[in-house]
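Structure first, then comments.
The values are calculated or read from the model by the stated rules, or taken from the named source; none is laboratory data. Here the structure is a predicted model, which means the values were calculated and not measured. Methodologically, a virtual Cβ is constructed for each residue, glycine included, from the backbone with ideal geometry; neighbour enumeration extends over all protein chains shown.
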Amino acid sequence: MIEQLRSILDSLPMMIAYKDTNNNVITVNKSAAEFMGKEINELSNIPLEKIFPNDYDRYYKYDLEVIKSKKVKSRFVEKHEIFGRKIFVETSIIPIINKKNDVENLIIFMNDITKKHHLEIKNEKNEKLLYHQNKMAAMGEMIENIAHQWRQPLSAISTSATGIKLRKEMNLLSDKDLVESMTTINETVQYLSQTINDFRNFINPSKNEYSRFNISNTIEKTLKLTNGKRLAKKIEVIKNINDIEIVSLENELVQVLINILNNAIDVLSERSGDKLIFINIFVQNSHLNIHIKDNGNGVESDILDKIFDPYFTTKHKSQGTGIGLFMSQEIVSKLLNGKVSVENEIYLYDKKKYTGANFKIELPL
């Protein structure tokens, strides 16, 4: 029976050690011995201090924790240094309890996860880089939106001020004209100030928390933030929105909607004739559905399944980074617990036939 058990333990790829409660190794399996570059008998009936002279007391702390609690300590990760090589080991400690309800021995299961650990760190760094790049890209788009929304008001202020100066020089400035012009300038300045407040509220980190909000108000906020760019391209928005309340992260949702709308605006800016964006919102199967559709002729079929890939873009390098839609998918799936997809759709509107991309967001209510 003991030989069969030894054969089973030696066939397992993980490292296994059998210890007493005084920090002595009774025996190990073949994988553990090979990992240490030793024979099994060299690692049997030996104090742990002789195997790990620098770290034996740290390892014994975990043993004592299990001995005291009489509970399994599972899958904790520790960094070790063996033969000058730093490794990461995932360890589980199982207590063997006798009839007196005392811990008699310990079984230690160990897996070398160094490669996996380094891969996770690399992926984490890449994800942080993507988030940073998305933040910078979003900031650039935000500045562009502000510029579009400010262009006309600034022009109005300039026109009013120039008109006042010219009429004053020609002695044609009446009190009525002066008051009207100053009123126009003041109203325009208030509009510019409100625009800054709208954008500040959007990027304010304190707003990034769960709350109950009405989706129709959220859509209006989003459209307000993209007004300048959209109106400059003469793009019409057709809305079919119900007053639906949802508990979620509103600012993150607005960021996703802005990414999708900006994508549609960029596509439609190259189109002549009607430029349309449809926003349909409805509840189905206890989920909020947001469909944003344009008439930009859709996405080419060979790239439709790549549109959410990081760094994939059909725009010129100076215009797109290829991370906006990727980050939108990340936000929807990881933060909003929803789904986002896209498909091409052929449809009729005002008796005209159109083709466009339809982005679909599905969120739990």
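Annotations
- Scanning region 213-260 for residues that are outside any helix (DSSP H, G or I) and of a type in the set (Asp, Glu) returns GLU236, ASP243, GLU245.
- In this structure, LYS334 does satisfy being modelled with pLDDT under 90, assigned to a helix (DSSP H, G or I) and over 21 Å from ASN280 (Cα atoms).
- Any hit, region 283-294, residues being closer than 22 Å to THR355 by Cβ, modelled with pLDDT under 90 and among the acidic types (Asp, Glu): no
- Only one entry in ASN297, ASN263 is of a type in the set (S, T, N, Q) and surrounded by 21 or more Cβ atoms within 10 Å (Cβ to Cβ), namely ASN263.
- Where a residue in region 261-289 is of a type in the set (Lys, Arg) and its partner, wherever it lies, is surrounded by fewer than 16 Cβ atoms within 10 Å (Cβ to Cβ) and outside any loop (DSSP other than H, G, I, E, B), with Cβ under 7 Å and at least six apart: LYS275/GLU236
- Top-ranked residue in region 158-195 [being among the small types (Gly, Ala, Ser) and part of a helix (DSSP H, G or I); ranked as nearest to LYS224 (Cα to Cα)]: SER193
- Some residue of region 49-62 being more than 19 Å from ASN24 (Cα to Cα) and among the aromatic types (Phe, Trp, Tyr): no
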